[in-house]
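To start, the structure itself, in structure tokens.
Only the coordinates and a few stated rules stand behind these numbers; no lab work does. Bear in mind that the values here come from a model prediction, so they are computed numbers and not experimental data. Neighbour counts run over all protein chains shown; Cβ positions are idealised from the backbone, glycine included.
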Amino acid sequence: MLIRLAQLLHSRRDLFERFGEGLVEFGIRGLGLAAQRVAGAFARGPRGVSDVVGGYPHFGSLAVKGLEALDTADFARKIRAAFSPCCLGTWPTPLESHPVLAARTGVPELWIKREDRSSALYGGNKVRGLEFLFRDVGPGDVVVTIGGWGSTHCLATARHARALGAQAVLAQFPQGHSDSEARTSRASGSVARRTFAASSWTGFPLEWLQAWSLAGRLGRRVYIPGGGARPVAVLGHLLATLELAQQLSAPPDAIVTALGSGGTAAGILLGCSLLGWPTRVFGVRVASWLVANRWKVESLARRALRLMISRNVPLLHAPTSPPLSVVNGMGDGYGVPSAAGEAARAWGAEAGLEVDSTYTGKTIAALPDVARMGFTRVVYWHTYAAPGSDL
Ligand SMILES: Cc1ncc(COP(=O)(O)O)c(C=O)c1O
């Protein structure tokens, strides 16, 4: 039933998308004070955010004046100490300035946060969240997760699970075809214990059930949601933003990242909030608004903040409310190459970057618009790592 509804929505995408995005945006922003009160109620953790940090408890409209400078390295250590993530990545990831891509996109000062270089085993943005999601995973465990046919989340999950002595069972749903999707799909097929790839959306529930039941028979089952989008995983991306604060001498005007399941943008948003940065976070939406939207990003960020507070991580000052813009970069569908995205892949290649069709091509394609809006100091979050060979 749900699948049929999804299919119907998919086939009426243009109309529903605009209407739906409008509703989501209206629901969050348009209701003004009432919506903010509701958001505030949601934001109150077990002990009440405002009690702990002495400030406004959510990503509403109040900015806090007179912020102290954060000791970001110390703050990052406290987050790690409170959550004990495992160690999968090599930190910090580099921050590079890229005159070639800056010229192509028209952004006057462009930096690239090289999240693709997060691990020699397999990099990309997903490693950040997996460090937190895998903190109890060990030999004999079976990690089960879902993603599109060419999901880098599935590949990262399978490779890093194997490095910890665990196995991965994957359930995959249809997406658009591209060369990057095909390479990632082959790579995850070769490293996962088993991949159940549905050839249609109607077949997906059965594949998912088979994956779930096989994982249970093989060992202790550990479920990781699609994209790894859990509040605790958001903390990994928050740490990335704290790294950025050590790499730049002043806040950027904008940070631009792909928006899929939302954890990456949520971590960046939370990071900017806790740093007191006025930076605008752009999430370039590459999937349906049903899964990739402002509400999801803000909700993940709020829940991650509540988690930190529940573990007594001292925040030093009240969170502020950095602006978030969700822009539509999806084109004809999730994973379906777009003309703008493919042109941007070529720009990336000129700059020595590997860029994929599903996420990063479409995100780089949004940079000229960001420049036209007048943002001059911009960080582009490069989230895609090519599969390489199976190590
Ligand atoms: C290469 C790449 N970039 C960006 C994203 C989007 O990140 P998020 O799902 O955290 O929104 C994904 C998600 O799978 C990804 O694989």
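Given their separation in residues at 0.36 nm each and the Cα-Cα distance between them, ARG220 and GLU354 gain 44.6 nm when the chain is fully extended. Converting phi to 3J(HN,Hα) with the Karplus coefficients 6.51, -1.76 and 1.60 and the offset θ = phi - 60°, the range 337-344 yields x, 10, 4, 5, x, 5, 5, 5 Hz in sequence order, with x at every glycine or proline. When 1/r is averaged over all different Cα pairs and the result inverted, which Kirkwood radius in Å belongs to the range 176-242? After inverting the mean inverse Cα-Cα distance, the result is 14.5 Å.
Place the peptides 196-209, 295-308, 337-350, 121-134 in order of packing, highest mean first, counting for every residue the other Cβ atoms within 10 Å and averaging per peptide.
Numbers: 196-209: 15.5, 295-308: 23.8, 337-350: 18.0, 121-134: 27.6.
With the highest mean Cβ count within 10 Å placed first, the list reads 121-134, 295-308, 337-350, 196-209.
Could you work out the relative contact order of the range 111-256? I mean the mean sequence separation of Cα pairs under 8 Å and 6+ apart, divided by the number of residues, in percent. Here the relative contact order equals 29 percent.
Translational D (Stokes-Einstein, µm²/s) of the range 206-336 at 4 °C and 1.567 mPa s when Rh comes from the Kirkwood sum over C-alpha pairs? Let's see the in-between values first.
On the way: Rh = 15.9 Å.
The calculation lands on 81 µm²/s.
Relative contact order for the range 214-309: what is it in percent, counting Cα pairs under 8 Å that are at least 6 residues apart? Working shown, then result.
Numbers: 126 pairs, mean separation 31.4, N = 96.
It rounds to 33 percent for the range 214-309.
Between ALA73 and ALA182, the modelled label-to-label distance comes to 4.7 nm, taking each label 7 Å out from Cα in the direction of the beta carbon.
Packing here is the average count of other Cβ atoms within 10 Å per residue, and on that basis the peptides 223-232, 243-252, 261-270, highest first, run 261-270, 223-232, 243-252. According to the calculation over all Cα-Cα pairs in the range 302-391, the P(r) per 5 Å bin from zero is 3, 11, 16, 17, 13, 12, 11, 11, 5, 0 %.
What ranking, highest mean first, results for peptides 76-83, 280-287 when packing means the other Cβ atoms within 10 Å averaged over each residue? Before the final figure, lay out the partial values.
On the way: 76-83: 16.2, 280-287: 26.9.
Final packing ranking: 280-287, 76-83.
When only alpha carbons are used to place a centre, the range 86-164 and the range 326-346 end up 21 Å from one another. Note on MET373/THR202: beta-carbon distance plugged into 1/(1 + (r/R0)^6) with R0 of 41 Å gives a FRET efficiency of 0.50.
Each listed q (0.17, 0.19, 0.21 Å⁻¹) maps to a log10 I(q)/I(0) for the range 68-189 from the Debye sum over equal C-alpha point scatterers, namely -0.97, -1.08, -1.16.
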